[in-house]
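Since the structure comes first, as structure tokens, the remarks are kept for the end.
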Amino acid sequence: MDSRDRGQTQKGSRDGERIPIAGELHGEIMLFQSMVVREISRGGAQIETTSPLQVDSLHELRLVFGEQSAVLKGRVAHSRIVEVDQDLMTYRAGIEFVDPPEHVQALILQFIDDIRDGRRGS
């Protein structure tokens with residue numbers, strides 16, 4: 001057994017010994033994936049992704065409003081397949097924003113107002 005297997009630190013190797021687990025240890029992994037926001041309101045959004053989202057799961061969303069971006073939490077209220085292509089499936093999900101900070105609420109409301117103003121001006 002070489003020194004890396006015993007958990008000794010070397011450049012690029014782990015710090016400690018890995019211990020086998022009898023049974024299971026569950027967790028979650030956060031993956032960043034692009035999405036398209038189709039509709040938005042002060043309380044939530046309808047998004048499209050290429051991966052399914054589990055109903056009632058919580059996710060961190062990063063929304064980009066022109067020059068500014070905001071991170072907020074959302075709960076998946078519903079999710080369904082909307083398109084099946086040869087190599088790709090598209091899912092549409094309803095996201096309920098969970099306790100968005102005031103500055104994020106302000107960004108969302110300003111974005112909605114800007115859209116409304118733009119539509120009235122066309």
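Checking each residue in the range 67-77 for being in contact (Cβ under 8 Å) with a residue 24 or more places away in the chain and more than 20 Å from Gly94 (Cβ to Cβ) picks out only Gln68.
Yes/no per residue for (1) in contact with an Asp or Glu (Cβ under 7 Å, 6 or more places away or on another chain); (2) farther than 13 Å from Arg42 by Cβ; (3) at pLDDT below 95:
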| residue | (1), (2), (3) |
| --- | --- |
| Gln68 | no, yes, yes |
| Arg75 | yes, yes, no |
| Ser79 | no, yes, no |
| Glu96 | no, no, no |
| Gln105 | no, no, no |
| Ile112 | no, no, yes |
| Asp117 | no, yes, yes |
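Pick from the range 24-42 the residues that are outside any loop (DSSP other than H, G, I, E, B) and not aliphatic (A, V, I, L, M): which of them is surrounded by the fewest Cβ atoms within 10 Å (Cβ to Cβ)? First the steps, then the outcome.
Step one: list which residues in the range 24-42 are outside any loop (DSSP other than H, G, I, E, B), which gives 36-40.
Narrowing the set further to residues that are not aliphatic (A, V, I, L, M) leaves 38-39.
Details: Arg38: 12, Glu39: 10.
Checked the range 24-42; the qualifying residue surrounded by the fewest Cβ atoms within 10 Å (Cβ to Cβ) is Glu39.
For the range 61-88, a residue qualifies if it is part of a strand (DSSP E or B) and within 24 Å of Ile115 (Cα to Cα), and the qualifying residues are Leu61, Arg62, Leu63, Val64, Phe65, Gln68, Ser69, Ala70, Val71, Leu72, Lys73, Gly74.
In summary, Val104 fulfils each of the numbered conditions (1) surrounded by fewer than 10 Cβ atoms within 10 Å (Cβ to Cβ); (2) under 20 Å from the mean Cα position of the chain (by Cα) with the single exception of condition (1). Scan the range 80-96 for residues that are surrounded by 13 or more Cβ atoms within 10 Å (Cβ to Cβ) and in contact with a Ser or Thr (Cβ under 9 Å, 6 or more places away or on another chain) and report the count. Going through the range 80-96 one residue at a time, the tally reaches 6. Would a scan of the range 43-57 turn up a residue that is within 13 Å of Ile108 (Cβ to Cβ), at pLDDT 95 or above and not in a strand (DSSP E or B)? For the range 43-57, residues within 13 Å of Ile108 (Cβ to Cβ), at pLDDT 95 or above and not in a strand (DSSP E or B): present. Contact map, the range 19-43: first residue in contact (Cβ under 8 Å) with a residue 40 or more places away in the chain, second residue of a type in the set (Asp, Glu) and surrounded by 10 or more Cβ atoms within 10 Å (Cβ to Cβ), Cβ cut-off under 8 Å, separation 6 or more or different chains; pairs are Arg38/Glu48; Gly43/Glu96.
The values are calculated or read from the model by the stated rules, or taken from the named source; none is laboratory data. Since this is a predicted model, take the numbers as computed values, not measurements. Glycine also receives a Cβ, built like all others from the backbone with ideal geometry; neighbour counts cover every protein chain displayed.
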